[in-house]
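Written out below as structure tokens is the structure these notes cover.
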Amino acid sequence: MFAKDLMQPSLIEQLFDKAPKHYEEEHHRLFRDFKAALNRGEIRAAEPDPSAKSGWRVNAWVKKGILLGFRMGAIADMSIDTAKQPFFDKSTYPVKSFALSDGVRIVPGGSSVRDGTYMGRGVICMPPMFVNVGAYVGEGTMIDSHALVGSCAQVGKNCHISAGAQIGGVLEPAGALPVIIEDDVLVGGNCGVYEGTVVKRRAVLGTGTILNRSIPVYDLVRETVYTATDAEPLIIPEEAIVVPGSRAVSHPAGAKWGLSLQAAVIVKYRDAKTDARVQLEDLLR
């Protein structure tokens, strides 16, 4: 039986919607079981759904369970040495525990992965980086220095989240789709992907590309423009090569001053030359 059936989502939602005066041991046990399932990747804040336009659906009950952990937890001393380097956080969300058998490579130097995340075998964490609660990181993905994988973000297999990249977290509202990075995606240095954007498989985001609900993406190859709507996220097509761009301001004052607004541009789709450049990164794994 799948873990979400064992978890009984209705119990999580009831506890979230009707908070008791005091949390009893049964409530803490329910949350511990929930968080353990998150750590194993058996439940996810979002999961593939071929029937959805984006290819994904949000599991609002899972996000409610994560929020429940913040409500239930008390501030606890998590310091290795309180005098020299104090850390105080919710008792329900310590750092995630790893064993050598997990096959996750965490290079020394200040990285942190919060409990309640899934980290697949072969994931590489370059210091310093941070993965927040509810995130899912697939096998063989590299998270480079100063990169962030935000709360509930879903990152596929064999991706490269390059140095300084920000994969935004979308924990609230519970019904909002988090940021999705599908398999084999390269996110270039200092990129920012926010507000429930879906980057489809094998896409490449050039250095400094910013994607969110307000930024249009101009596809020069297919001569179309991709934008988010009230009902759908911004979706970057499979194998698209996206770079930063700009668009002229149409307001008379903006035109007078020569102003432009941020945009993103699909300049081509992956080819053999692109694949050869991306494969060079395998030497780092």
Scan region 126-157 for residues that are surrounded by fewer than 24 Cβ atoms within 10 Å (Cβ to Cβ) and either more than 13 Å from the chain's Cα centre (by Cα) or assigned to a strand (DSSP E or B) (or both) and jot them down.
-> Met126, Pro127, Pro128, Phe130, Glu139, Gly140, Met142, Asp144, Ser145, His146, Leu148
Picked from region 99-125 (must be surrounded by fewer than 15 Cβ atoms within 10 Å (Cβ to Cβ) and assigned to a loop (DSSP other than H, G, I, E, B)), the residue nearest to the chain's Cα centre (by Cα) is Arg121
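Read-outs throughout are calculated quantities, based only on the coordinates presented, and are distinct from any laboratory measurement. Everything numeric in this text was worked out from a predicted model, so none of it was measured. Counting neighbours? That spans all protein chains shown, and the Cβs are built from the backbone with ideal geometry, glycine included.
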